[in-house]
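The values are calculated or read from the model by the stated rules, or taken from the named source; none is laboratory data. All of these numbers come straight from a predicted model, not from anything done at the bench. So basically every Cβ, Gly included, is an ideal-geometry build from the backbone, and we count neighbours across all protein chains shown.
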Amino acid sequence: MRFPKFLIGMLGVLIAFAATTYAMTNSFWTTVTQTVVCAVLIQIGYFGAVLFLVMRENARNAGRRKSLPTDEANLQKPSQPFNTSATKAP
């Protein structure tokens, strides 16, 4: 899910949560406090979901790399980007 879509959804949920909380408690400060806590929990969940997706993709890529045959040409030492006197071998 893209961040702008998530942000619009999160704001909608927080507005509905704040309206419901205020209707139940009739307290502005309780509503603000509980809505901020709700926003933090949503952000933690979003971060956890993104972290899970990244870890799953890394695990898939690791499995693909293990199944590929090793190639001697791919194992050569990479060339240095600059050929200066400091980078040349003695």
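Taking only the stretch 38-90 into account, find how many residues are acidic (D, E) and modelled with pLDDT under 75. Spell out how you get there, then give the answer.
Residues of the stretch 38-90 acidic (D, E): 57, 71-72.
Then keep just the ones that are modelled with pLDDT under 75; that gives 71-72.
The qualifying residues number 2.
Once the stretch 11-34 is narrowed to residues that are more than 21 Å from Y46 (Cα to Cα) and of a type outside the set (V, I, T), the residue that is surrounded by the most Cβ atoms within 10 Å (Cβ to Cβ) is Y22.
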